[in-house]
Every structure is written in structure tokens, then in C-alpha cells.
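The values are calculated or read from the model by the stated rules, or taken from the named source; none is laboratory data. In this text, all values refer to a predicted model and were calculated from it rather than measured experimentally. Because the Cβ atoms are built from the backbone with ideal geometry, glycine has one as well, and the counts that use them run over all protein chains shown.
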Amino acid sequence: MQPEPPVTRGERGLQGSTSSPRGASPCPAMAGPRGVPWVGVALHLRRDPLRVLLEAASCCGDVVSLGHGPRPLYLINHPTLIEQLLAQPMHYPKGPSIARIMPLFGTGLTTSDGVLWQQQRPLLTAAWQAHQRADVTPIVAAATAEMLVRWQPHAQSGQPLDLTAALEDVTWTLMLRVLFGPETPDPAPRVRAAMRTALATTNRRIWALWAPPLAFPTPQNRRLRQALHTLETFIYQQLTARRQPGACLADLVAALVAGRSAATGEAMPSTQVRDEILTLWVAGQTTMAAALTWIWLLIGQHPVMERHLQEEVCHARWEDLRIAPDLRALSYTRLVIAEALRLYPPTWVTARTPVSAVELGGCAIPAGAVLLLSPYTMHRHPAFWEAPEHCVPERFLRERSLGRPRYAYFPFGGGPRLCLGRGLALLALPVIVALVARTYRLRLVPVSPVRPVPALTLRPSRALWCTVDLQTLPQPAGA
């Protein structure tokens, strides 16, 4: 493989730019797309946020002003600056940017800041790492195998399958068992319906011109409150079961219930456990479902990539076809996943707010500004990615990644707030993809074009439908 050209433009553009030369005044940020008085580009962002951010990133430099509406808004689009922001969570908290998703996540790890985040992160990390030591691979494989059995009637009849819904189902089952234990039965349909309602209403709140507080009795707020009540009731039932005398459940919820703060020695309040569990549940299920959908869309659009993937899965050693493949043998599968996360990162944007005035890239940024960090735009930066709109899994080969800055690619965030579920995702996605690819060949049903829709996660504009054919490849080694 030929290495990519060395990075030059972006590196030269930022050398010495995190502060101004001695005696010089900070430069103003480059002006981005023009907005309107008072609200800046807010209306344009609401209509087509990806287009606004891509336009700003492509034309206007590394620090781009998006107007001075209710708060000054900037796009930060250089790996060194992104690293600077993500490395200092206390100086760059999430601030007001997460207000509209607070009704769903409460004060879970995704939305908490400051002292609360400092207290919660070690507790969650310890519980998660202890849980991960018990291998979750069989949980992933079992949930996937059950999904593949449900596909058999479609393979026999030739009837199209709603692939988007199927992948949402498997990630729902996966997260349920990871959080509440592999023996936990699927809750009543009303719990799943409540999750769908909560996600749908939260997605609408994100881009609404006005999102009233949850206490306001709007029809949307009433639906969201009812959905949250159903989800909370289920979670509190699980907490109660783990607090019973003699309870010995070894799952993530039990670990959180038993956890103690290193600073105070106190247990986590039930309301905080609720927020943390719901945060992990929603974030894990939605991001992995979105990632899997994009992965299979790209596989369906690139026959050569599909053939390489099938050949690798066929020749990989499988310790037990009912459990999992040898992940070390799935090197190309992991490249495909990395490229899908580059092109369509489920967490497509995050935001930070400086607690005091700062200089970034030589530009003066006032306290309280909203700084947008977008993997979607950074992953398309031509200074760091050759032919960035093309799907090329081989770009992630080690020899082609040398010299690429760490934060040219950050689908899981970074710094102290690196996504807690990164390890689970990087284990689960190749297992699911490999099990599907060795069992079926998926053929996308051509309908209307698919475009990315930015909401809580980056999701396709429509459901993907496909036909499923049983694979006729030779049995893998070790079968």
C-alpha cells in the first residue's frame, strides 16, 4: 500500500497559533456563513446543520465565527485545537449546549460538568471496567445469533427485510443484557415503545425554535414525561431487585448500586444511578445502531469492499461459531468499521464553553461562547484525509496513518471525557458484522437516495431495506 501524502498545510497553518505573538492583539475568527441579526446562523443550522458546518470548515479556516446570536458561536476545526479543548474538561465544560437533552439524560455522565462529573467519572469507569473484565463477547454473539435466526424466513421467501429496524433490535437487546445481565428478559413492549418516544421527542427538541421546560404541559412534553416515567419505573425495579438481601447479580447496574464515592464513601443516590443507566442505555443503543446501519450501507454500495470482507470472515478462525470469531483475524473488518465511523460518526458534533476568555489559534474567544467540535467536518478535512468523501478502508492501515494527528479522527471524543462505551463498541461492531457476513449476503433494495440526518445521532434519512441470501462460502476454519 502507498502511504498518504504527508500533512503540510494544516500543520503549517497552526504552528505557534494557540496564542498571539508577544505584543500582538488576538486576531478575530474567520467569518463563516452569513446569518441574520440576533440569531446568527441558528435558522440555517436548524434547516441543514451539516451543510452549514461543511461550508464553514471548507472556506473559513480552523476557527470560524458562526455569528453572535444569543451566544457567540464558533466552529473549531483543527486537530490541535480540538485536543486542547477536550484535554481540559474543567476549563471547557459542555455548558448550555446540552440543555435540550437534559430531560432525557438528566445529570448522567454525558451531560454532567464540574464537580459532579469529577465525582461520577471514576465511579462509572471503575464499574464499567470491572464489568468488561467479564467477557461480553458471548453476550454480543448470542444477541446477534438470535437476530440471524429471525432473518431465516426472509432468506427463504425473498421478502425484503427492514435492516434499520433489525439493527436497532439487536443493539437494544445487547445493551439490555450488558447493563442488566445476560439473563434479563426483554421488558414489556411498553418499555421499548417508551424508549422510541423519548428518543423521537428529544430529537425534535434539539432543533425546535423553542423547547419549553419539561414542566410546561405541551403535548410533546406530556409524551416525553410519560415515556420517561415508564423507563424510570423499569430502572427502579432493577435497582430494588439488586438491593434485596442476598441479591448476588453481577451486572453493571449491581456494580453501580454497590459503588462508593472515593471522596465521601457514600453510595450513589438512586436518582443519579437512574441518570447514569439511562445515559448508557440510550447512548449505547442509538450510536451502535446508527453505526451498524452506515456500515452496511457502505458495504452494499462497494462490492469490492464486500468481497474482501466476506473472504476475511470465511478464513478467520472461529473458536466456536455460536460464540465469536477470533477478533485478531478480522483486521479488514475493523478497517471497514473505522472508515464508516469516519464518514458517518454517530456523534457528529459536540460543544464546549470556555469559563473564561481564551485564545484559540490566535483568535480571541469570549467566555460563555459555544465552541462546536464536529467529527463530521474534521473527518473530511483535506489537509489530513486524501479524497475525504471516498470510502477507502485501507486509509486506516498503520503505514497510511503515520503522521496523522490524533484528533483528525475522534468518533468517540477524547481526553478525560473519552466515551465510556468505546471499548464495547469496538468489540461489538466487528463481532456483529462478522457474524452477519458469514451467514448472509445482504443486497440493498434500491429506493430513494440516503442522506445523513443530524439529530441526537447521525442517522440515515430513511430505513434501509435489503434482501438476505444464505452465504454459500466455504465453512470457516475451526468450524
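Among the conditions (1) among the hydrophobic types (A, V, I, L, M, F, W, C); (2) under 20 Å from GLY106 (Cβ atoms); (3) without any contact (Cβ under 8 Å) to a residue 24 or more places away in the chain; (4) assigned to a helix (DSSP H, G or I), the only one that ALA241 does not satisfy is (2).
Looking only at region 438-474, filter to residues that are among the aliphatic types (A, V, I, L, M) and in a loop (DSSP other than H, G, I, E, B); which one of those is surrounded by the fewest Cβ atoms within 10 Å (Cβ to Cβ)?
Residues of region 438-474 that are among the aliphatic types (A, V, I, L, M), as a first pass: 442, 444-445, 447, 450, 453, 455-456, 458, 463-464, 468, 470, 473.
Cutting the leftovers down to in a loop (DSSP other than H, G, I, E, B) gives us 445, 447, 450, 455-456, 463-464, 473.
Details: VAL445: 13, VAL447: 11, VAL450: 17, ALA455: 19, LEU456: 23, ALA463: 14, LEU464: 23, LEU473: 15.
The extreme case among them is VAL447.
Which of the residues belonging to region 185-219 are β-branched (Val, Ile, Thr) and out of contact with any helix residue (DSSP H, G or I) (no Cβ under 6 Å at 6 or more places or on another chain)? Spell out the reasoning first.
Filtering region 185-219 for residues β-branched (Val, Ile, Thr) gives 191, 197, 201-202, 206, 218.
THR218 - this is the single residue of region 185-219 that is β-branched (Val, Ile, Thr) and out of contact with any helix residue (DSSP H, G or I) (no Cβ under 6 Å at 6 or more places or on another chain).
Within region 330-360, the set of residues being among the hydrophobic types (A, V, I, L, M, F, W, C) and either in a strand (DSSP E or B) or out of contact with any Leu (no Cβ under 8 Å at 6 or more places or on another chain) (or both) comprises LEU330, ALA338, LEU341, ALA351, VAL355, ALA357, VAL358, LEU360.
In the set ARG204, ARG223, ARG192, only one residue is part of a helix (DSSP H, G or I), surrounded by 13 or more Cβ atoms within 10 Å (Cβ to Cβ) and more than 23 Å from the chain's Cα centre (by Cα); that residue is ARG223. Taking the criterion of being over 24 Å from THR347 (Cα atoms), basic (Lys, Arg) and surrounded by fewer than 20 Cβ atoms within 10 Å (Cβ to Cβ), would at least one residue in region 127-138 satisfy it? Yes, because at least one residue in region 127-138 is over 24 Å from THR347 (Cα atoms), basic (Lys, Arg) and surrounded by fewer than 20 Cβ atoms within 10 Å (Cβ to Cβ).
Take residues that are farther than 30 Å from ASN221 by Cα and tell me which of the helices (runs of 4 or more DSSP H) falling wholly in region 101-170 contain 3 or more.
114-133, 137-150, 152-157
Scanning region 292-331 for residues that are surrounded by fewer than 20 Cβ atoms within 10 Å (Cβ to Cβ), under 23 Å from the mean Cα position of the chain (by Cα) and at pLDDT 95 or above yields a count of 3. Take ALA198 and tell me if it is more than 30 Å from PRO70 (Cβ to Cβ) and in a helix (DSSP H, G or I). So ALA198 does not fit the description; no. Being closer than 29 Å to ALA351 by Cβ, of a type outside the set (Ser, Thr, Tyr), part of a helix (DSSP H, G or I) and touching a residue at least 12 places away in the same chain (Cβ under 8 Å) is the requirement here; does PRO89 meet it? Spelling it out, it is not the case that PRO89 is closer than 29 Å to ALA351 by Cβ, of a type outside the set (Ser, Thr, Tyr), part of a helix (DSSP H, G or I) and touching a residue at least 12 places away in the same chain (Cβ under 8 Å). Reported count of residues in region 75-86, each being in a strand (DSSP E or B) and either surrounded by fewer than 23 Cβ atoms within 10 Å (Cβ to Cβ) or among the β-branched types (Val, Ile, Thr) (or both), is 1. Scanning region 347-360 for any residue that is farther than 22 Å from PRO460 by Cβ and of a type in the set (S, T, N, Q) turns up at least one such residue.
Considering ALA198, ALA211, ALA155, ALA255, the condition of being more than 23 Å from the chain's Cα centre (by Cα), in contact (Cβ under 8 Å) with a residue 24 or more places away in the chain, buried (at least 17 other Cβ atoms within 10 Å of the Cβ) and closer than 25 Å to PRO346 by Cα is satisfied by ALA211 alone. Of the residues contained in region 420-437, one or more are found to be surrounded by 15 or more Cβ atoms within 10 Å (Cβ to Cβ), part of a loop (DSSP other than H, G, I, E, B) and touching a residue at least 40 places away in the same chain (Cβ under 8 Å).
Pairing each residue of region 258-276 that is farther than 15 Å from GLN118 by Cβ and in contact (Cβ under 8 Å) with a residue 60 or more places away in the chain with any residue that is β-branched (Val, Ile, Thr) and outside any helix (DSSP H, G or I), provided the two are 6+ apart or on different chains, yields C-beta distances under 9 Å for THR271/THR107; ASP275/THR107; ASP275/THR111.
The condition of being surrounded by 22 or more Cβ atoms within 10 Å (Cβ to Cβ) and aliphatic (A, V, I, L, M) holds for only one of LEU373, LEU335, LEU402, LEU397, that being LEU373.
Of the residues making up region 48-74, those that are part of a loop (DSSP other than H, G, I, E, B), at negative phi, touching a residue at least 12 places away in the same chain (Cβ under 8 Å) and not hydrophobic (A, V, I, L, M, F, W, C) are ASP62, GLY69, PRO70, ARG71.
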